[in-house]
Structures are given as structure tokens and as C-alpha cells.
Amino acid sequence: MIEFSARKKLLSNSGEFTLSLDISIPEGELVAFFGASGTGKTTSLRMIAGLTTPDCGYLQVNGNVWLDSAKKVQLPVNQRPVGFVFQNYALFPNMTVRENILFAQKEKKEKEVQTLLEVFGLEVLQHRKPSLLSGGQQQRVALARAIARKPQLLLLDEPLSALDMETRTSIQNELRMINREWGITTILVSHDISEIFRLCSRVYSFNGNTVEDKGAPANLFNSRLSGKVQFVGEVLECVQEDIVRILTLVVGNTPVKVVVPATEGDYAPGDKVLIASKAFNPIIRKL
Amino acid sequence: MNILPATISQLSMNGNLTWVRAAVRDFIFQVIVIGNPENKLYLKDGSSIELLFNEAEVILGKGSGENICIPNQFPCKVLSLAQGTMFTQVFLELAGHTISALLPSDSGESFSFQVGESLQIYLRPNDIFLQAVEKVQS
Amino acid sequence: MFDILTGAPLQLTLKVSAISVLLQFLVGIPMGLFIAGRSSPLRRIVDILTTLPMIFPPMALGFFLLLLLGKNGLFGAFLLQVFGLRMIFTFWGILFAAFIVGLPFMVKSVQAARRQMDETIVEAAATLGKSPMTILLRVILPNIRGGVITGLLLAFGRSLGEVGISLILGGNIIGRTETLSLAIYNAVFDGDFQLAARLSILLSLLAIAVILLLNGTHYRSFFLNVIHQSRLHMKRFKKS
């Protein structure tokens, strides 16, 4: 169990605000920090790793206190057993793939490095420098390196946002595998809803200055609605035609179009929407 | 989207399908949903819900509609019209609430709806969504 | 003809440049890393002090240093009393001059390289449980190597050509504090253009040699990397 509470003054586009969070994360789960940008998701992850110090806070991981500002306890970064995967991967440019992973180990164990290289499909690339790798390959090295350190907690800062769909899906499978096989509690910062649905068992929603434990990802959205065909999508485009608007939405990676009356209110690109239909209405054909 | 507050007045179940009767004032709407009171906690006699339906699903007619096979038939009054080339949006008063219907302008013209005119609206039971008013875990 | 190769100026110059480059390496890296950190009043002061010799007129700087390091000067008296070290008109004065004029180039290069470095790799190393010392040796230093080499080159070049301060602090004493640069100056002054030419060629060759040497270490690793990569490609090519 991870008990984490913190207060931290932050700056966002809309000005200064104080992030206040009190959450507990069950051990061994793969959970998501979800919310718009500038709501403190990454900062919270960094506070857990010890890379950022909260104004005040308390952090306990599996019974060990990592931070207790009331008692002036603060474990330095390098004494917290975390695996942090940065948004830009942060691989050591002076080391090869293999050396990056070796460097992360406490005691050098070639055999474990070999296993990790195999699991992440990096064997052929092991003697390359990171600058010669693609984004997906770098991401795999970053994950392998984080795991080589044998962390109690895996912290992933939007690890997949810069990758194409195919790579994304395969790394998502690897993440799920890591969580299952090694049972490492994993926190994933993401604003990709479909990713959260696919991977996470629990979502913490960052709403500006507070953080809410939403439970299962399905609870993030309006499940009060009876429609059985529900998707979460993102508005790509909103065009007025006659007295209606045609919304182009992307659901997963499929673009769809929906017509709404112009009186319905405004939709801007980037807005998240729920698309629902009664189970009776769609037509369906076997492919 | 049209939203009407309603109260569940009667439920009849058949396996995982439920036939819901919900009252908006004196009008009883009939809705069919997948699910039953065991897995949809808001499906309960007397609980407050909202009825949601798409503008484009609203069928308008003049006259009594006795020989049309749709259970949800209610009288309403035209409040205003928004005229487009392709579509016409008709705003209607139904049981004290405002709803709207989106129909092709051609049929709007041929029916020449007038503000203040009394009409009949028709809604299929499988076009209406239910939405719990207070948050209930599904 | 080749007497200049065994003469005192070359020996002195080699000795002074070697020691000052070594000192610039040892002092410049920590200073450069220090001032590359988050801005603070102390950092700004150190930054200004190290940059000073870069832009300050050498003659004026030499004169101030003469006052400061002379046997009645603040530091001069201290050095004389505590270490019995005389700075003025000695080898130490020349070394100090060479060291001080080259240092800013080293410090600034290191600072720039460190600032350019992706900070998240330092954070990544910390999250991997590494101590600050390990991070310095295994992550920071290897990744600012280019800046260190450039800094050493610039510092060496500046030290080699140093005249103004060495003239004032060293006194240009033939056989004792006469560097190659000063020897050229003296030869020109005496009207011996032939000697000046020979000395100039020698000094230039020395500079080129050092550039090649330092660059060599830089390019070598680059070439090794290329060779390594192409070998890997060959291997994969053979496999398929």
C-alpha cells in the first residue's frame, strides 16, 4: 500500500494554484494519474520519486516512510527503490543499450540483463548507442533499465505519448506483462483515455487542484447513462452545416462523424466527449 | 439532445431486458433498456431519472395518430422554429418542458408548422436513454 | 638552426603549458560545473571572477596581479611567508599567468556543456540509486567530454600565446622567464627576424600538435563507434 499526501504550490497556464492530494494506492496494481496538462500529474510522480519536494507531505510505501515533512524525514532520490521512466526516456547517451541496463543494476548480473534484453526484444540492438534507436526502441530500453533496478514502484511519465499506434499497443502489452509477471506497483501518467481503459485497474483524476480516486476507469465517465454502446472520443473538428454541426471525433484510433443541432452548445477540438447509442440502434455486420 | 426529468412508475422484466414506464407529469413514457434492477440500481420504482433522446429521433405528426404503432405518443405545442436549408429544428413544449425535433426542411415545409400549433410527438421506446440523476455505481 | 629546440624558451613553454593545462583541467571542471548550477549570488560572483581574465586587458590585469602578488602585496606576502614562494619574476609567475588567462575558456566551455546536457539523465541516474559521485563520474563527465576538450584546446591556445601578463609577472628574464612567445617578441625587438620566424614556426607546430592530439581523442571514439556500428550491420547482414 502506498499512502501519499502532499501540498505543493504550482504554476499553470491559468495562474498559480496549490495542488493538494491525499491518495492511497493498493500494492501491485497498475494505476493511472489522469487529467489535463498542468494539473500536477508529473509533479506528483516526481514527488513520489523524490525529484521534487512538496511544500509539505507524507509518503509511505509498503510500510516504509519515504517522506514526512512534519518529522523532517525525506529519503533522497537515490535511496528510493523506484523505476522512473521519463517522457523523453533519459537514456545515457554515452552508454550502449546493454550498458544502460547494466548501470541500473545494484550488482552486475549479466544473466538478468540478458533476460531483460530478450523480454524487450533488444538483443540485436544491445551494443548500440541510444541516439541510433527509434522512439519505441528507446522506450523499451528505458523500461528495461527501470526494471533492472528492481524497483518497488514503477513510475511512468506519459511513456507512450510520442509513439505511433502500433508501437504503443505492443508496449502497452509489455507494461501489462511487467505488472503481472513482476507484480510491481505501477503508476502511469496519461491523458489517453483508451490507454487507461486498456491498462489500468484504477484511476486517480487530477481536476485542477484536487485529486480524486475514481476507482475503475469506467467510473471516469458518465456511466449513469443507460446506453449500451458508449465510447469516449476526442473532438478533432466541428463544422457548422446548415443549422446542425458535424463533429469529427476520434474514438480509439478511428475517426467518426456525429451530427448535433447547432443549439447543442460549443465543441472545440481537443474536447473529450462521450458517444452513446442505444443497443437497439446501431446496425452491425460481420466482417 | 433532449432531457426530461421523470419518475419511474412501473418496471417489467424479462431476463436482462427491462420495460420501464416513467412519468413526466401525467405523461407515461415507455422505454426499453438492457439490464435489470439487480445490475442497474437506478431501476427502482419511484426513483428519479432523466429521459434522454436525440432530436433527430423525434417524430412529429398532426392528428390523433391512433393507427401508428408507437407507444409513446404525446400532445405538444410548437414554441418556435429554426429554419435551415436542409434541416428545420422545431422547438416544442411538452409537459412544461422544452424539447426540440430535427427534421428535413422539406417535410417541415409540406407540413407548414405554425408557432402555437398543437402537434403529436412520437418516440420509439428503444430510442430513449435513461440516466440516473444522482451518481449510482453501475 | 636547431638550437631553439634545446633552448630554454621551448623547455619553459612546454613545462608551463603542460602544468597549466593540467591545472586548468583539474580546476576548470569543478568550477564550470559549479557555476552551471542554479543561479545564486555566490555562483554569479564566481562566474564574473572567472570570466574577468577573458575580457580584461592583459596588461592591466598583469599590473593588478603584480600589485597583489608582489612581496608587499596581499597574497604575495602571504605566499612568501607561508610557502616561501616568490611569484614575481619567477617560473611561478609565468605559470600563474598562463593558468589564469586560459582558465576562463575551460570554465566557460564546461559550464556551457553542462547547461546543454539533458538534466533528466542526471535525474534518471539518481532514480537508479546512484550516488552523486557515481553520477559525476559515469554520467556527467562522459557527457560533457566535448566541452572539456574544447575548453582545454582554447585554454591551451590562450596560455601558449600569453605575453602581457607573463611579461609583467615574469619580467621577461632571458633563460629564466622567457617563454617562446616572449622569445619571439625579444627576437623581433632585437631585429633578428630569422630567429623570430623559426620560433614562430616552432610555436605554431606546437599548437597544431596539441590540437591534433586533443581532437584525436575526440575523433577516435567517433571512428571507433562508426567501425563498431558497421561491424554490427555486417553481422546482421551475414545472418540474413
Quiz item: log₁₀ I(q)/I(0) of the stretch A:229-277 at q = 0.20, 0.22, 0.25 Å⁻¹, via Debye over equal Cα point scatterers, no solvent, to two decimals?
Solution: -0.60, -0.72, -0.91
Exercise. Express as a percent, rounded to the nearest 5, the fraction of DSSP beta bridges in the stretch A:2-220 (both residues included) that run antiparallel.
Key: 55
Quiz item: Quick one: with all protein chains in place, what share of the accessible area of the stretch A:2-220 is carbon or sulfur, to the nearest percent (1.4 Å probe)?
Solution: 47
Quiz item: Which parts of the stretch A:242-273, residue by residue, lose 10 Å² or more of accessible area when the rest of the protein chains are there, as against the chain isolated (1.4 Å probe)?
Solution: A:Asp242, A:Ile243, A:Val244, A:Val259, A:Pro261, A:Thr263, A:Glu264
Self-check item: For residues of A:45-52, the mean tally of beta carbons on other chains within 10 Å
Solution: 2
Quiz item: Most mobile of C:Ala126, C:Ala113, C:Ala60 per a Gaussian network model of chain C (Cα springs, under 10 Å)?
Solution: C:Ala126
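For chain B, what relative contact order do you get, as a whole percent, if you take Cα pairs closer than 8 Å and at least 6 residues apart?
In percent, rounded to a whole number, it is 29.
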Quiz item: List the trypsin sites (Lys or Arg not before Pro) in the stretch A:1-86 that DSSP assigns to loop (not H, G, I, E or B) and whose Cβ has at most 16 other Cβ atoms within 10 Å. Which are they?
Solution: A:Lys71, A:Lys72
Quiz item: Which residues make up the longest stretch of chain C clear of trypsin sites (Lys or Arg not before Pro) that lie in a DSSP loop with no more than 13 other Cβ atoms within 10 Å, not counting the sites?
Solution: C:72-240
Exercise. Please identify the longest segment of chain B free of exposed trypsin sites (Lys or Arg not before Pro), where exposed means a DSSP state other than H, G, I, E or B and no more than 15 other Cβ atoms within 10 Å.
Key: B:63-134
Quiz item: From the residues B:Leu43, A:Ala70, A:Phe231, which one has its Cα farthest along the dipole of the protein assembly as shown in the positive direction, the dipole being from +1 and -1 charges on Cβ of Lys/Arg and Asp/Glu about the Cα centre?
Solution: A:Ala70
Quiz item: Treating the beta-carbon of each Lys and Arg as +1 and of each Asp and Glu as -1, no other charges, what is the dipole magnitude of the stretch C:3-214 about its Cα centre, to the nearest 20 debye?
Solution: 560
Quiz item: Looking at the P(r) of the stretch A:2-220, how many percent of alpha-carbon pairs lie beyond 32 Å?
Solution: 17
Practice problem: Would you be so kind as to list the residues of the stretch A:71-105 that have their accessible area lowered by at least 50 Å² in the full protein complex compared with their chain by itself (1.4 Å probe)? | Solution: A:Asn78, A:Phe86, A:Phe92, A:Asn94, A:Phe103
Quiz prompt | Mean separation of Cα contacts under 8 Å (6+ apart) over length of chain C, as relative contact order % | solution = 26
Practice problem: May I ask you to evaluate 6.51 cos²θ - 1.76 cosθ + 1.60, the Karplus curve with θ = phi - 60°, for each residue of the stretch C:187-196 and list the ³J(HN,Hα) values in order in whole Hz, giving x for glycine and proline? | Solution: 4, 4, 4, 7, x, 8, 5, 5, 5, 4
Quiz item: Ordering A:Thr263, A:Thr167 by how much accessible area each has at a 1.4 Å probe, largest first, what is the list?
Solution: A:Thr263, A:Thr167
Quiz prompt | the stretch A:156-260, accessible area per residue, ligands and nucleic acids excluded (1.4 Å, Å²) | solution = 44
Quiz item: Cα centroid distance between the stretch A:65-81 and the stretch A:32-59, in Å?
Solution: 15
Quiz item: Taking springs between alpha-carbon atoms closer than 10 angstrom, which of A:Pro93, A:Pro261, A:Pro151 fluctuates most in the Gaussian network model of chain A?
Solution: A:Pro261
Practice problem: Report Rg(Cα)/(2.2 N^0.38 Å) for the protein assembly as shown, keeping two decimals. | Solution: 1.46
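Determine the total buried accessible area between chain A and chain B, counting protein heavy atoms only with a 1.4 Å probe; round to the nearest 100 Å². If you can, show how the numbers build up before the last one.
On the way: alone 15250 and 7770 Å², together 20880 Å².
In total, this chain pair buries about 2100 Å².
Work out, step by step, the length gained on full extension between A:Asp68 and A:Trp182: first 0.36 nm times the residue separation, then minus their alpha carbon distance; give nm to one decimal.
That works out to 38.2 nm of additional length.
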Exercise. Please compute the Cα-Cα pair-distance distribution of chain C with 5 Å bins starting at 0, giving whole percents from short to long.
Key: 1, 6, 11, 14, 15, 14, 11, 10, 7, 5, 3, 2, 1, 1, 0, 0
Practice problem: Compute for chains C and A the buried accessible surface, both sides summed, probe 1.4 Å, and express it in Å² to the nearest 100. | Solution: 2100
Quiz item: Whole-Hz Karplus ³J(HN,Hα) for the stretch A:148-155, in order, using 6.51 cos²θ - 1.76 cosθ + 1.60 and θ = phi - 60°, x for Gly and Pro?
Solution: 4, 6, 6, x, 7, 9, 9, 10
Quiz prompt | Isotropic mean projected area of the C-alpha convex hull, chain B (nm²) | solution = 8.8
Exercise. Might you report the magnitude of the Cβ-based charge dipole of the stretch A:229-277 about its Cα centre, with Lys and Arg at +1 and Asp and Glu at -1, to the nearest 20 debye?
Key: 160
Quiz item: If Lys and Arg each add +1 and Asp and Glu each add -1, what is the summed charge of the other residues whose beta carbon sits under 12 Å from the beta carbon of B:Leu92?
Solution: -2
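Please calculate how many Å² of accessible area the stretch A:1-96 carries per residue, with a 1.4 Å probe and no DNA, RNA or ligand atoms counted.
On the way: 3990 Å² over 96 residues.
With all protein chains present, the stretch A:1-96 gives 42 Å² per residue.
If you roll a 1.4 Å probe over chain C with all protein chains in place, what percent of the accessible area is carbon or sulfur?
72
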Exercise. Run down the lysines and flag those whose C-alpha is under 16 Å from the C-alpha of B:Lys40, throwing out any fewer than 8 positions away in its chain.
Key: A:Lys228, A:Lys278, B:Lys135
Quiz item: What is the dipole size for the stretch A:200-264, taken about its Cα centre, with +1 at each Lys and Arg Cβ and -1 at each Asp and Glu Cβ, in debye to the nearest 20?
Solution: 320
Quiz prompt | the stretch A:83-188: trypsin sites (Lys or Arg not before Pro) in DSSP coil with no more than 15 other Cβ atoms inside 10 Å | solution = A:Lys106, A:Lys108, A:Lys109
Quiz prompt | Positive minus negative residues near B:Thr7 (Lys, Arg vs Asp, Glu; Cβ under 13 Å) | solution = 0
Practice problem: Using the Karplus curve 6.51 cos²θ - 1.76 cosθ + 1.60 with θ = phi - 60°, work out ³J(HN,Hα) for each residue of the stretch C:131-141 in order, rounded to whole Hz, and write x for Gly and Pro. | Solution: 6, x, 5, 4, 4, 4, 6, 9, 10, 5, 4
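The values are calculated or read from the model by the stated rules, or taken from the named source; none is laboratory data. All values derive from a computational prediction rather than experimental measurement. Neighbour counts run over all protein chains shown; Cβ positions are idealised from the backbone, glycine included. What goes into the accessible areas is simple: the full protein's heavy atoms, side chains included, and nothing from ligands, DNA or RNA. Shrake-Rupley method; radii C 1.70, N 1.55, O 1.52, S 1.80 Å.
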